[in-house]
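The values are calculated or read from the model by the stated rules, or taken from the named source; none is laboratory data. What you see is a predicted model; the values in this text were computed from it and never measured. Every residue, glycine among them, receives a Cβ derived from its backbone with ideal geometry; neighbour counts consider all protein chains shown. In case anyone asks, the SASA skips ligands and DNA or RNA and just uses the protein heavy atoms, side chains included. Shrake-Rupley method; radii C 1.70, N 1.55, O 1.52, S 1.80 Å.
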Amino acid sequence: ERGQACLGHIFCLHVAHQIARPMTILLAGSPLIELPLLTANDNGLRDLAISFVCWAFLWVGGFYGLVLAEPVWSRRVPPSMKAHENCKFWVARSIIGIFHATLVSCLVLPALPALFAAPEGVVFGWSENVDTCGQSMFPEVDVEGRRVALAGLAFAAFIATDLIISGLHGMATLDHMVHHVAFLAAGLVMRGHCILPLNAAILLAMEVSTPFLNFMLLFRNRGAGFTLVVQAAGIAFVLLFVAFRLVLNTYGAVFLWQHRAVAMPAAVPDWQRWFLLAAVAAGSALQFFWFPAIAKIFCRGLAQLLADHTSPAATERGAPPAEHTALCTDEPPSPLAVSSGGVSPTMSVSSKASTTDVVGDADRNSHDGGAMPASEGLMHAPCKRQFCQVACRAESVLPRRRYGCRTQD
């Protein structure tokens, strides 16, 4: 028994070390803490695989921790007028997506300026240390390379777990799965070979729009008290979507294709090289596929918002109030993260509640007519896109509590 306990302690310490070590590297680049950077002499792919699994367990634990905490946060978050937005799995996925996208953005955005200013040898360089991607050949961007590598590992693990979670709880859609699979595969190729630090940073930077998207989706139908912050989040999401997912991501894809002959080392197999080029191009095209619906909803919501301000009698004539404008109630298509993603990388490309959720309901909402009262919406709103199928079926046959999904417990 003593030996088993000792082995258990060793395993826990090893898992904690694998998660904490990349954060130690990150802190080493901070002017507030002087820590020596780890060397490239690690066990390589084995340590990378262990770190990936640890990150995956971290995201799964965070998701189901939020699900288990539903009795706590459900008392502080008003119910939505749409049934699927009261599902504890949907809410937990939105919240964990915000945490993921914020972490990835905070890691990647400070590294972008240095990578953009780096010479071509650095931009298309690689690292022999696949565990941390430490840039021993280019020490001037060592910290930036490690930041991007850490963000890429966290993103890839999140995308993989989100695919499983979304499938288990009926939240996956076709474009969501295509987005996640493409960016997961591209992320694993980049991270597994420690190549293309600039392109990896650009793909991961798309996640900067995801927190605003998830916040907007989470609170858009929860009452007039959230109208202003939801509208502000919607505007921020659209602006960041254009800047990072359309402009910057397109630049990165074109730049990679223009330099495809020298972009990757000879150690990368040809099939992986061409797959990566195709995945980056497809991910860029997917953002343009989503954008028309996003722009349509944004313009319609902005026009309604201006009409409400210029015509005080608009509501009396039957126009929907401000909290039910498109910016609040419609869902534009995300991610990468987008992920990330969408990418989403979410990258959001991620990611999580995504632009897919926004666009998917947009067409349906355009035929909804007037808005139902919140209580009536909770009782009769249909399950949109089969979100949380089991929970929604339970809502129709079991007594209702504050949140419909809790009836399945």
- Odd one out for V143, checked against (1) within 15 Å of the chain's Cα centre (by Cα); (2) open to solvent by 20 Å² or more (accessible area, probe 1.4 Å); (3) over 20 Å from N249 (Cα atoms); (4) of a type in the set (A, V, I, L, M): (1)
- Message: Given the criterion modelled with pLDDT of 95 or more and either more than 22 Å from W55 (Cβ to Cβ) or in contact with a strand residue (DSSP E or B) (Cβ under 6 Å, 6 or more places away or on another chain) (or both), identify the matching residue among V247, V208, V229.
- Response: V247
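Regarding segment 79-91, can at least one residue be identified that is open to solvent by less than 10 Å² (accessible area, probe 1.4 Å), of a type in the set (A, V, I, L, M) and more than 15 Å from the chain's Cα centre (by Cα)?
First pass over segment 79-91, keeping only residues open to solvent by less than 10 Å² (accessible area, probe 1.4 Å): 80, 83-87, 90-91.
Next, from what is left, pick out any that are of a type in the set (A, V, I, L, M): 83, 91.
Subset that is more than 15 Å from the chain's Cα centre (by Cα): 83.
Yes: segment 79-91 contains one or more residues that are open to solvent by less than 10 Å² (accessible area, probe 1.4 Å), of a type in the set (A, V, I, L, M) and more than 15 Å from the chain's Cα centre (by Cα).
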- Note on the structure: Per the list (1) surrounded by 22 or more Cβ atoms within 10 Å (Cβ to Cβ); (2) assigned to a loop (DSSP other than H, G, I, E, B); (3) in contact with a Leu (Cβ under 8 Å, 6 or more places away or on another chain), residue check on R260 breaks on (1)
- Message: Regarding segment 174-184, can at least one residue be identified that is part of a helix (DSSP H, G or I), touching a strand residue (DSSP E or B) at 6+ places or on another chain (Cβ under 6 Å) and open to solvent by less than 20 Å² (accessible area, probe 1.4 Å)?
- Response: yes
- Within segment 140-147, identify whether any single residue is in contact with a Pro (Cβ under 8 Å, 6 or more places away or on another chain) and closer than 17 Å to G61 by Cβ, and answer yes or no. no
- Based on what the data block shows, is S209 hydroxyl-bearing (S, T, Y), touching a Ser or Thr at 6+ places or on another chain (Cβ under 6 Å) and assigned to a helix (DSSP H, G or I)? no
- Identify the single condition in (1) over 23 Å from R146 (Cβ atoms); (2) of a type in the set (A, V, I, L, M, F, W, C); (3) outside any helix (DSSP H, G or I) that V268 does not satisfy, given that it satisfies every other one. (1)
- Query: From the set of residues in segment 195-214 that are farther than 30 Å from P269 by Cα and aliphatic (A, V, I, L, M), which is least open to solvent (accessible area, probe 1.4 Å)?
  - Reply: L213
